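Single-structure report; data block below.
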Amino acid sequence: MTRDPRFDILFEPVRIGPVVARNRFYQVPHCNGMGYRDPTALAAMRGIKAEGGWAVVCTEQVEIHHTSEITPFIELRLWDDRDIPALVRMSDAVHEHGALAGIELCYNGMNGSNLYTREVPMGPAHLPVATFTYDPVQARAMSKRDIQSLRRWHRAAAVRAKRAGFDIVYVYAGHALGGLHHFLSRRYNDRTDEYGGSLENRVRLLREVIEDTREAVGDRSAVAVRVTVDELLGDDGLSKAEMEDAFGLIGELPDLWDLVLGSWEDDSRTSRFADEAFQEPFVTGFKRLTTKPVVGVGRFTSPDTMVRQVKAGILDLIGCARPSIADPFLPKKVEEGRVEDIRECIGCNICVSGDFTMSPIRCTQNPSMGEEWRRGWHPERIRRKTSEANVLVVGGGPAGLEAAMMLGRRGCEVALAEGGESLGGRVLREARLPGLAAWGRVHDYRAYQIARMPTVQTYLASRLEADDVLAFGFSHVAIATGSTWRRDAVGRLHTKPVAIDPAMPVLTPDDLMSGLRPAGRDVVVFDDDHYYMASVLAELLVAAGCRVRLLTMASRAAEWTYHTMEQHRIQTRLLELGVVVDTNRGLRSVGAGEIEVFCKFTGKTDRVACDTFVPVTARLPDDSLYAALQARQGEWQAAGIARVDAIGDAWAPGTIAAAVYAGRRYAEEFDLPEHDGDTVPFRREITELSTADPQSGSRSGITRVEAS
């Protein structure tokens, strides 16, 4: 296939100072939960993106000095020369495929509590640290000597970055995550010297660091500046108008401008709260203020939207973080005329949760993300079949779809049997809930791929029993029949069924997703799941005319969505809709027309009127078929069955991302010997201790070894 000519503009080269990007696809810096702990896995992940056609592939934020680190978060470090080899590993992986490697140097300033080094943080003012948690740490105001030291440290880090092979070296002043942002913003900067007060003064340190960096590396490496263009705080913070004035002062200094919005939570909103390219009004106009190329983001998944950004003079380079995670080969697919094969980002931010939980990045759409080195998975390729084994996949939800698709790519003969009238399972049901329409892309991508595979046959309205499976003659069977929400309120709080008066109507999430609605107006949603489900059901019920109370033992609604950076937006929306968010309270009993609740702290109880009770607690795997087949294992050999596995929610209910991952893993491993559980089933990097004195200079105190 050939590229559609209307996308030609996306493949024009762009000069960035002394280097040239081969096209306009730019993977902006993004965190990944691997950092200094997993440098080889990180390098492999970035290298895959370069292979996929991204012209520029950047690191996450890279700590430049021990006085500014963000433990417990795991990013890259460039504190001294000993950190260079890990970064070389990444730049080499990117260069291997002809892309430019970018590094985002960051002095975190007031964003770092320094919990590891125990150094006192520094910033423009005497203020508590501005972190994601309420650490009891305060930063001290930097003196002129401190500012000179920061400039020296940043310059040294830039030189190390150049030695590590990076083509683009960042100066980071965005997302309220770096000290340079704090100096820019009147929200944090109350200084009265030449680094505070007027815009020209607040820009001074950024100007100096840009100039220092250009002097240090500008002969070979481009200098990029990532900056917040609007803090969304009006006159209390940076505004677009003020940043336009700032461009009048420093617009020509760097080789590239990388424009971001507000904080990270503002810039990377979930699809539930923002559409593709929602940042456009905020970044429009800056390109007219500088002759240097401009990159910006917008969860871009549509090549047509990308083209419009360039033709309208909004952006020169199409910045992507989450879309590059969902599909590392997005540029190649556009280039090769395979736009329909793009694995579109659904904007769920499960990728962000890796950084927040200090665990390797994951993706709902792309289960190979973070597993490129650990398990040797590739987003577009999988090893061919090693036998004539055929597979019956029972269940067309996310796990079954992924398994069938990847088995098909291996060349296996596959039958996909779905009990319902359409494929998709929970994905399609949940995609009909408020704000989750984009999640339907999980089904759309896989169903489209499967429909084109001659070795995969799909059978709808095919609810199978054990006798059916035993009669078909498949050598391998994957049970992906999903799960069912419990109606007895069993979950974290209650591990045994709650006594519920039969007179109280109970609707589960499954009931509501199937179209059932409460008979009365007063509804209590008991959230013991703490992810998104209870909150979207509350929205659904309000739209149906109900008065909703969301009851939770947590201190916030949808507590876990803190890790996807949307909790505050969820709670805001609920409150604006009139939902009563009843936090730190648990369920005691469910009577006729009322429920008894108790205070998490005092145990004091009271009663709440209720016409319908909606428990969002735990799920049970729909594993009856799997159990029936296991009970008849003695009949497998005669039926030609070698192995039966339950995967996804049918094995253990989890996220959609976990189900998709389970499907990929099954396709990778179904024909391998069953793992005994006695060894680690993936590669990991282990720190090997040295007996040498690390201060002697003869050997480093630690080395990295790769273990299978």
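The values are calculated or read from the model by the stated rules, or taken from the named source; none is laboratory data. Quick caveat, the model's predicted, so the values are computed rather than measured. Note that each Cβ is placed from the backbone with ideal geometry, even for glycine, and that neighbours are counted across all protein chains shown.
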- Looking at (1) in the same structural domain as Leu550 (by TED's automatic domain parsing); (2) surrounded by fewer than 16 Cβ atoms within 10 Å (Cβ to Cβ); (3) among the aliphatic types (A, V, I, L, M), which is the only condition Val525 fails? (2)
- Could you give me the residue pairs with C-beta distances under 6 Å whose first residue belongs to the range 155-182 and is farther than 19 Å from Val28 by Cα, whose second residue is hydroxyl-bearing (Ser, Thr, Tyr) and part of a loop (DSSP other than H, G, I, E, B) wherever it lies, and which are 6+ apart or on separate chains? Gly179/Tyr107; His182/Tyr188
- Selected residue (only one of Glu559, Glu465 is in the same structural domain as Gly420 (by TED's automatic domain parsing) and either of a type outside the set (A, V, I, L, M, F, W, C) or touching a Pro at 6+ places or on another chain (Cβ under 9 Å) (or both)): Glu465
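Let's see how each residue does on (1) at pLDDT below 95; (2) in contact with an Asp or Glu (Cβ under 8 Å, 6 or more places away or on another chain); (3) of a type in the set (Val, Ile, Thr); (4) crowded, with 16+ Cβ neighbours inside 10 Å:
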site: Glu421; (1), (2), (3), (4): no, no, no, no
site: Leu428; (1), (2), (3), (4): no, no, no, yes
site: Val442; (1), (2), (3), (4): no, no, yes, yes
site: Tyr448; (1), (2), (3), (4): no, yes, no, no
site: Ala471; (1), (2), (3), (4): no, no, no, no
site: Ala489; (1), (2), (3), (4): no, yes, no, yes
site: Arg492; (1), (2), (3), (4): no, yes, no, no
- Note on the structure: Pairs returned, first residue in the range 194-210 that is on the phi > 0 side of the Ramachandran plot, second residue that is of a type in the set (Lys, Arg) and in a loop (DSSP other than H, G, I, E, B), beta-carbon separation under 9 angstrom, 6 or more apart or interchain, are Gly197/Arg186; Gly197/Arg191
- Could you list all residues from the range 67-108 that are among the hydroxyl-bearing types (Ser, Thr, Tyr) and over 23 Å from Met122 (Cα atoms)? Ser91
- Enumerate the pairs (first residue in the range 439-457 and not assigned by TED's automatic domain parsing to the domain that holds Thr301; second residue anywhere and of a type in the set (D, E, K, R) and outside any helix (DSSP H, G or I)) with beta-carbon separation below 6 Å, excluding pairs fewer than 6 apart on the same chain, so at least 6 apart or on different chains. Arg441/Glu344; Tyr445/Arg343; Thr455/Glu413
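Looking at Val597, Val525, which one is of a type outside the set (Phe, Trp, Tyr), farther than 28 Å from Cys348 by Cα and touching a residue at least 40 places away in the same chain (Cβ under 8 Å)?
Every option except Val597 fails the conditions.
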- Which residue, of Ala156, Ala176, Ala125, is at pLDDT 95 or above and in contact with a strand residue (DSSP E or B) (Cβ under 9 Å, 6 or more places away or on another chain)? Ala125
- Task: Provide a single number: the residues in the range 132-150 that are surrounded by 17 or more Cβ atoms within 10 Å (Cβ to Cβ) and closer than 25 Å to Asp83 by Cα.
- Result: 2
- Which residues, taken from the range 643-663, are surrounded by fewer than 22 Cβ atoms within 10 Å (Cβ to Cβ) and within 23 Å of the chain's Cα centre (by Cα)? Ala652, Pro653, Gly654, Thr655, Ala658
- Task: Considering each residue of the range 344-369, count those that are in contact with a Gly (Cβ under 7 Å, 6 or more places away or on another chain) and either assigned by TED's automatic domain parsing to the domain that holds Pro72 or not β-branched (Val, Ile, Thr) (or both), and give that number.
- Result: 6
- Message: When the residues of the range 476-499 are narrowed to those that are touching a Lys or Arg at 6+ places or on another chain (Cβ under 8 Å) and part of a loop (DSSP other than H, G, I, E, B), which ends up farthest from Glu668 (Cα to Cα)?
- Response: Val490
- Task: Of the conditions (1) at negative phi; (2) outside the structural domain of Ala639 (by TED's automatic domain parsing), Ala399 clears all except one; give me its number.
- Result: (2)
- Message: Show me the helices (runs of 4 or more DSSP H) found entirely inside the range 374-454 where at least 3 residues are within 28 Å of Lys332 (Cα to Cα).
- Response: 398-409, 441-451
- Kindly state which strands (runs of 3 or more DSSP E) lie completely within the range 5-119 and contain at least 1 residues that are among the hydroxyl-bearing types (Ser, Thr, Tyr). 25-27, 56-63
- Note on the structure: Restricting attention to the range 501-528, the residues that are outside any loop (DSSP other than H, G, I, E, B) and over 12 Å from Thr617 (Cβ atoms) number exactly 7
- Among the candidates Glu194, Glu208, residue that is in a helix (DSSP H, G or I) and at pLDDT 95 or above: Glu208
- Task: Might you check whether a residue that is over 23 Å from Val391 (Cβ atoms), at pLDDT 95 or above and not polar (S, T, N, Q) occurs anywhere in the range 620-640?
- Result: yes
- For the range 86-112, name all the residues that are touching a strand residue (DSSP E or B) at 6+ places or on another chain (Cβ under 7 Å) and among the charged types (D, E, K, R). Glu104
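Within the range 539-549, which residues are among the β-branched types (Val, Ile, Thr) and either buried (at least 23 other Cβ atoms within 10 Å of the Cβ) or not in a helix (DSSP H, G or I) (or both)?
Matches in the range 539-549: Val548 only.
Out of the residues in the range 19-37 that are of a type in the set (D, E, K, R) and surrounded by fewer than 23 Cβ atoms within 10 Å (Cβ to Cβ), which is nearest to Ile686 (Cα to Cα)?
Arg37
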